[in-house]
Structure formats: C-alpha cells, structure tokens
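What follows draws every value from the coordinates through simple rules; no lab data is involved. Quantities reported herein were computed from a predicted structural model and do not represent experimental measurements. Virtual Cβ from ideal backbone geometry, glycine too; neighbours counted across all protein chains shown.
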Amino acid sequence: MRRLFVVSLVLISSSLAFAQGAKTPRPAITGISHVSFYADDLAKSQQFYTSLLGWEQFPAGAAKPGVRFYANHSQYVQLLPAPHKDMVNRLDSIGFSTDNAEALRAFLAANGITAPKAVTKESSGDLSFQVKDPEGNRIYFVQAAAHPRVNRDAASMPVSTHIIHAGFVAHDRAALDRFYKDLLGFHLYWQGGQTAAHTDWVMMQVPDGADWLEYMLYLPAVPSRGELGGANHFSPGVVSVAELESKLKQRGWVPSAQERPPLLGLDGKWQLDLLDPDGTRVEFMEFKPVKEPCCSAYTGTDPQPPTTW
C-alpha cells in the first residue's frame, strides 16, 4: 500500500510540473534579429553589404567564423564561409529577437521542444539559443546587447536601417503553423499567390512587433540554386523604392540580368530585388502598401520607418 501511495505521489507531482511548465508565459518575440547565409567570397560580400548597402561590418560571434553586417544596433546579416562552393542551399539560419532569451528557452523546453540546457553569451554580449522548427530549419532567439553606432558620412549611410522580414522554403504549412502560430504566437499578416488556386506566400508576423517570417510555398520538389536563392531571402524596409534606386545608382549599382526593375507586388507594396554575390535575394520593400493587395487583406500592423538607429 505504501509503495502504491509513493508511486501515485510521483505521478501527481510529475503531472503538476508538466502543467506548470505548459502554463509558463511566453516572453515577447519582437522582430527579426538576423539571417545567416553561406558565402563563397567574403571580400565580394563586403563590397556589397558595406559599400553598396552601407551596413556596418563586425566579426561574427566566437562560435562561428565569418562576418556580420549590421543594419541597425540589433539586426544583421551574418555570412559564414561556405564548406564548398557548389553547395546549393545557402541559408544557414534565421534569428528572432526576444526580451528574455533564458525565459523563452525554458518556455520552449517546457512545451516539448528540444532546446539547449542554457543560453549562450556571445562575444558581442548577446544572449541566444538555437532550436529547429518542424521542417528542420535552424532558428535562433536572441536577446541583443547594446551595439554602438559608428559615425558615418552621408555618402556611406545605410540605404535601409530595418530588416522587416525574412523568408524560407516551406513545404508543410500546417506543421509550421503549429510551431510558429500555435506555440510561439505568430499571426497571419497576409497571404497570396500567383493564381487563386494556390497560396504561394504566407506572411506570419511576430507576436510582439511588425516584422514577419514568410513561408515560400511555390518551389518545385528539387529546386535549383537560383530558385533557392530567391526563396531563402531577407527584406530591408524603405520609405521609397524610387529614392532607394537613385541612391544605389549613385553608389555604382548596375542591375544584373537577373535583377528586375522596381515592381509593384501582388501584396500592394513596391519592391526592388537585388542579388548579393552568392545569389541571395535582397528584397527591398516599402513599409506600407500603396494599393489594395490581391488575394487577402492585411490583418496586422504595417512596419514603420525606424525613428532611431
């Protein structure tokens, strides 16, 4: 009888612990932290990200070789040396900002997500950890430390100081929604497609901000490097694409055969696509739509031009 009582007590205690873990509040997830890609030639990339875009260059964290290009004090693109130059998929990971990395790590672990036992403190002072989403994408959550701005002259100022979204190849929307929507609190911002019969793009906005993650659902079963470079992308926000194009040309930008002139997307926003030296699409996009979007209405808050760096 005593043994039965002890077993029952253990089961009750375990159930209570699980229930408490499941009720742990989720810390805020406020936006895009960074996007990491593999690069063949960091010198060529430096010209693109610093000389053309005007972003500040710093070494990557101690855990990885490579370099970071900061759009503002907490958002950056990180480039890592490619293991081999013929690799097709150049996306390494996507990071999101949080106000409490340790609490978010504990929240995910309490909800059955495989997470590290502790956060990592990087040489920059950032606190971060990594998990994988249902499709195996490497996702970081970062609590950013202060990053001082370097004084710049007008000719080298950033053409954008806000990364408003990042996108990746997606296959199983329902599985991704269980992770991003049901668990993490992301919500639909907009969705649409080239035809009414198929949804090609799903924009999932972070729960505590206006940045978003975009599911890219249109790729073939075996995409090419070019197709992957277009789908696995990131988007700096701008007030005016026309002004952006003028600034880029003043800095010597000449569109390649693959880069399109400014276009009005089906989501009602002007955009201008550039390709970095490794073929990753940099989708400059205006913060606000200029006409009604096709396919569905916006159901979230539009991002705003940053008031501070």
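Remarks
- Helix axis angle, 241-250 relative to the chain longest principal axis, alpha carbon, degrees: 60 degrees
- Loop-located trypsin sites (Lys or Arg not before Pro) in the range 252-309 (DSSP state other than H, G, I, E, B) with a sparse environment of at most 16 neighbouring Cβ atoms within 10 Å: K291.
- When only alpha carbons are used to place a centre, the range 56-110 and the range 137-216 end up 14 Å from one another.
- Between 0 and 90°, nearest 10: helix 101-110 axis offset from the chain longest Cα axis: 50 degrees
- For the range 25-309, the number of Lys pairs with C-alpha atoms closer than 23 Å, counting only pairs eight or more positions apart or on separate chains, is 16.
- Lys/Arg +1, Asp/Glu -1 at C-beta; the chain dipole; positive extreme among L266, A109, V238: A109
- Using alpha-carbon coordinates, inclination of helix 2-22 to the longest axis of the chain, degrees: 20 degrees
- Helix-only CD estimate at 222 nm, as mean residue ellipticity for the chain, using -39500 (n - 2.57) per DSSP H run (n ≥ 4): -5500 deg cm²/dmol
- Cα gyration tensor category, rounded, prolate or oblate, for the chain with a/c compared to 1.5: prolate
- Bridge type composition, the chain - antiparallel percent by DSSP, nearest 5: 70 percent
- Using the Cβ of G185 as centre and a radius below 14 Å, the other residues enclosed give a net charge of -2, where K and R count +1 and D and E count -1.
- Look at the alpha carbon pairs under 8 Å that are at least 6 residues apart: their mean separation over the length of the chain gives a relative contact order of 17 percent.
- Residues considered: A110, A221, A144. Largest GNM mean-square fluctuation over the chain, using C-alpha springs under 10 Å, is found at A221.
- Estimated dipole of the chain in Debye, rounded to 20 [Cβ of Lys and Arg +1, of Asp and Glu -1, Cα centre]: 920 debye
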